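Written out below as structure tokens is the structure these notes cover.
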Amino acid sequence: MYDLLIKNATVIDGSGEASFVADLASSGGKIVDIAQHISTQARLVVQAEGLVLAPGFIDVQNHSDSYWCLFDNPSLDSNILQGFTSMLVGNCGTSLAPLLSREALKSSQKWHNLSGTNFNWTTFSEFAETLSSMRFGGNVGSMVGYSTLRRGLIGDAHRSLSEAESSVLLEAFISALKAGAFGLSTGLSYSHEASVSELELYDLAKIATEHNALFSVHLRDEAEHLAESVEEAIEIAQRCGVRLKISHFKVRGKANWYILPEVLERLELAVHQGADISLDMYPYTSTWQPLYTYLPKWATQAGRDGMIRMLGDEVQYKKILSYLHEHSDLLRDLVVASTSYQMRVIGKSFGLIAERLGVSVEEALLEVLKNGGAEILVFDACLDEQQVRDLLLHPLSVVATDGGGFNPAGATKHADKLVHPRSFGAAPKFLAFMRQDKKLSLETAIAKLTSVPARIWGLKNRGQIAIGNVADLVLFNPLQIDSQASLVNPFHTPVGIQKVWVNGELAVDGGAVTGNRSGVFLRRL
Ligand SMILES: [Zn+2]
């Protein structure tokens, strides 16, 4: 007697090879048989004619830790409802461990209000122990955030590390790797990593290489200096031989879109020469990011407290204002996604907010920044739709959410907050695009969601349907699958996904979460 028998499914095994119709059986959380006809009985039998059975999708760019979803909403609904069964967190330079001091956690305050949050760990090993005692909707693994390490050591200071500090930092990274961390992530565009030198990065990347771990890069610049920023990433991959992933790859700003072909050519050449580089991306044209990132770098370098002090100083305020004035066309259309600002501004553009306040767009932005709390996020429609679609087809790209696991009831639960729709719809939207464009086979598209990200992550026994592998599975209707989430109504669940299994347990049934929470904390090795 098997635990589960899925009959007559169109199996797309994740390898990119052609689909085939078969039965699949699992027991004890593992795939135990795949054959044209399996006659052994099972506790649960699912008829799957006309439906695609694929490996559970793998999200190599997830923020469920820094958005605090792991604790606020451990069922990670919005991730598993779209077919993701494993999520890699600790991205963009920020992880929840190790905490070399209390300052370390401040790295995540740009995404989540930390007041009132509790945690009982300092080392990665203690963090792993805490998370291992929890049950999640999907599996979760974590990298170490470079900013988390650095701020734990030197707080808000912007300087290079002393030799002694550097060795403490490298030791902390090594012990995190030994405790199961999957690699290191950087957030080079954020204020606290702006002064990080390439040499610091090389030291870390070399350690990652020695441990066969991942090095994830949130580029220094995704706009006019994209080419140099990508060059920096290529240099790390080539010099250190590290497996490198560029996070949420894109070109921001219409004036910069023309750079893409040249950058892609450069990346292709590097990969051709042997560098191990991949790009993760989401199929949307709007970004979701902290509002402070629109300020000039010099205004944010001293951390949030320093920035607030500057905004309170008349001379500095005017300097910032005139910097913003040059970019006011772009700022006008930014839409506020979350803030604790007293006036109702969620879902409104700065153009509209400025009108209501009777001030200029730049003044409105600074007013919200000054009085809207630490966590102010905005949507910015700065990407080109055709480029996004073309990039999705590129052999180096995989699809990831760059989002968190939120509750679909969020629309009513958090009326004061919008999340990016990619948290609910990245995978289904990508598969719907592929169905419309007909430029990529479904088999190749599924590989970009499964075996390819599994290799990037360094996950074993997942990402491919094969006997002996873990029974993380998605059953969906290829003609229907699509996202329903939008910037205005992000808390909508996708259509076309019938069932999702995590470690052999049914996690999603009929488009709703079962509440089984069979996901576990994953460790490297
Ligand atoms: Zn990032």
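Looking at Asn120, Asn139 in this structure, which one is over 19 Å from Cys92 (Cβ atoms) and buried (at least 21 other Cβ atoms within 10 Å of the Cβ)? Only one candidate qualifies: Asn139.
Based on this model, can you work out whether Gly141 counts as within 29 Å of Val513 (Cα to Cα), part of a loop (DSSP other than H, G, I, E, B) and in the same structural domain as Lys206 (by TED's automatic domain parsing)? So Gly141 fails the test.
With a cut-off of at least 3 residues that are in contact with a helix residue (DSSP H, G or I) (Cβ under 8 Å, 6 or more places away or on another chain), name the strands (runs of 3 or more DSSP E) lying wholly within the range 39-123. Let's see the steps before the verdict.
On the way: elements: 42-47, 52-55, 57-59, 84-89.
Those strands (runs of 3 or more DSSP E) span 52-55, 57-59, 84-89.
Among the residues of the range 95-102, are any within 16 Å of the ligand (Cβ to nearest atom), crowded, with 24+ Cβ neighbours inside 10 Å, in contact (Cβ under 8 Å) with a residue 60 or more places away in the chain and assigned by TED's automatic domain parsing to the domain that holds Gly141? Yes, because at least one residue in the range 95-102 is within 16 Å of the ligand (Cβ to nearest atom), crowded, with 24+ Cβ neighbours inside 10 Å, in contact (Cβ under 8 Å) with a residue 60 or more places away in the chain and assigned by TED's automatic domain parsing to the domain that holds Gly141. Selection over the range 508-522 of residues that are of a type in the set (Val, Ile, Thr) and assigned to a strand (DSSP E or B) gives a count of 2. If you go through the range 70-94 and pick out every residue that is hydrophobic (A, V, I, L, M, F, W, C) and within 16 Å of the ligand (Cβ to nearest atom), you end up with 4.
Take the conditions (1) within 15 Å of the ligand (Cβ to nearest atom); (2) buried (at least 24 other Cβ atoms within 10 Å of the Cβ); (3) not in a helix (DSSP H, G or I); His192 misses just one of them, which is (3).
Hey, does the range 200-217 have a residue that's in the same structural domain as Leu100 (by TED's automatic domain parsing), within 16 Å of the ligand (Cβ to nearest atom), buried (at least 19 other Cβ atoms within 10 Å of the Cβ) and among the acidic types (Asp, Glu)? Looking for residues that are in the same structural domain as Leu100 (by TED's automatic domain parsing), within 16 Å of the ligand (Cβ to nearest atom), buried (at least 19 other Cβ atoms within 10 Å of the Cβ) and among the acidic types (Asp, Glu), one finds none in the range 200-217, hence no.
Across the range 491-509, what is the total count of residues that are surrounded by fewer than 24 Cβ atoms within 10 Å (Cβ to Cβ) and under 13 Å from Leu479 (Cα atoms)? Number of matching residues: 3. Identify all residues within the range 220-229 that are over 16 Å from Glu193 (Cα atoms) and buried (at least 22 other Cβ atoms within 10 Å of the Cβ); write none if there are none. Hit for the range 220-229 is Leu226, nothing else. Within the bounds of the range 235-251, is there any residue that is touching a His at 6+ places or on another chain (Cβ under 9 Å) and at pLDDT below 95? Scanning the range 235-251, I find no residue that is touching a His at 6+ places or on another chain (Cβ under 9 Å) and at pLDDT below 95, so the answer is no.
Could you tell me whether any residue of the range 497-507 is farther than 18 Å from Thr401 by Cα, touching a residue at least 40 places away in the same chain (Cβ under 8 Å) and either in a loop (DSSP other than H, G, I, E, B) or in the same structural domain as Val335 (by TED's automatic domain parsing) (or both)? Yes, that holds for at least one residue.
Can you spot a residue in the range 217-230 that is farther than 24 Å from His327 by Cβ and in contact (Cβ under 8 Å) with a residue 40 or more places away in the chain?
Narrowing the range 217-230 to residues farther than 24 Å from His327 by Cβ: 217.
Those left that are additionally in contact (Cβ under 8 Å) with a residue 40 or more places away in the chain: none.
No, that holds for no residue.
Within the set Val271, Val315, the sole residue that is surrounded by fewer than 17 Cβ atoms within 10 Å (Cβ to Cβ), away from the ligand (no atom under 16 Å from the Cβ) and under 17 Å from Glu231 (Cα atoms) turns out to be Val271.
Of the listed requirements (1) under 30 Å from Gly373 (Cβ atoms); (2) at pLDDT below 95, Gly405 misses just one: (2).
Somewhere in the range 20-33, is a residue of a type in the set (Ser, Thr, Tyr) and crowded, with 23+ Cβ neighbours inside 10 Å?
Initially, the range 20-33 is screened for residues of a type in the set (Ser, Thr, Tyr), giving 26-27.
Retained after the next criterion (residues that are crowded, with 23+ Cβ neighbours inside 10 Å): 26.
Scanning the range 20-33 turns up at least one residue that is of a type in the set (Ser, Thr, Tyr) and crowded, with 23+ Cβ neighbours inside 10 Å.
Across the range 221-250, which residue is nearest to the ligand (Cβ to nearest atom) among those that are in a loop (DSSP other than H, G, I, E, B) and more than 17 Å from the chain's Cα centre (by Cα)? Please lay out each step first, then the result.
Step one: of the range 221-250, the residues in a loop (DSSP other than H, G, I, E, B) are 221-225, 241-242, 247-250.
With more than 17 Å from the chain's Cα centre (by Cα) added as a condition, the list becomes 221, 223-225, 241-242.
Working: Asp221: 12, Ala223: 14, Glu224: 18, His225: 16, Gly241: 24, Val242: 18 Å.
By that ranking, first place goes to Asp221.
Would a scan of the range 284-291 turn up a residue that is under 30 Å from Gly241 (Cα atoms) and in contact with a strand residue (DSSP E or B) (Cβ under 8 Å, 6 or more places away or on another chain)? Working first, answer last.
First pass over the range 284-291, keeping only residues under 30 Å from Gly241 (Cα atoms): none.
There is no residue in the range 284-291 that is under 30 Å from Gly241 (Cα atoms) and in contact with a strand residue (DSSP E or B) (Cβ under 8 Å, 6 or more places away or on another chain).
Checked against (1) modelled with pLDDT under 95; (2) crowded, with 17+ Cβ neighbours inside 10 Å; (3) among the β-branched types (Val, Ile, Thr); (4) in a helix (DSSP H, G or I), Val345 meets all criteria but (4).
Within the group Gly137, Gly145, Gly187, which residue is of a type in the set (Gly, Ala, Ser), touching a residue at least 12 places away in the same chain (Cβ under 8 Å) and farther than 28 Å from Lys297 by Cβ?
Working: Gly145 fails: farther than 28 Å from Lys297 by Cβ; Gly187 fails: farther than 28 Å from Lys297 by Cβ.
Going through Gly137, Gly145, Gly187 in turn, the sole match is Gly137.
Within the range 169-189, the set of residues being over 14 Å from Asn212 (Cα atoms), in contact with a Gly (Cβ under 9 Å, 6 or more places away or on another chain) and more than 16 Å from the ligand (Cβ to nearest atom) comprises Leu169, Ala172. Residues in the range 208-220 that are of a type in the set (Gly, Ala, Ser) and assigned to a loop (DSSP other than H, G, I, E, B): Ala213 alone. Can you pull out every residue in the range 296-334 that is out of contact with any Cys (no Cβ under 9 Å at 6 or more places or on another chain), of a type in the set (A, V, I, L, M) and in a helix (DSSP H, G or I)? Ala299, Met307, Ile308, Met310, Leu311, Val315, Ile320, Leu321, Leu324, Leu331, listed by residue number. Only strands (runs of 3 or more DSSP E) whose full extent lies in the range 372-486 are considered here, and the ones with at least 1 residues that are within 16 Å of the ligand (Cβ to nearest atom), crowded, with 18+ Cβ neighbours inside 10 Å and not acidic (Asp, Glu) are 377-380, 397-399.
The values are calculated or read from the model by the stated rules, or taken from the named source; none is laboratory data. Quick caveat, the model's predicted, so the values are computed rather than measured. Reconstructed Cβ throughout: ideal geometry from the backbone, glycine too, with neighbour counts over all protein chains shown.
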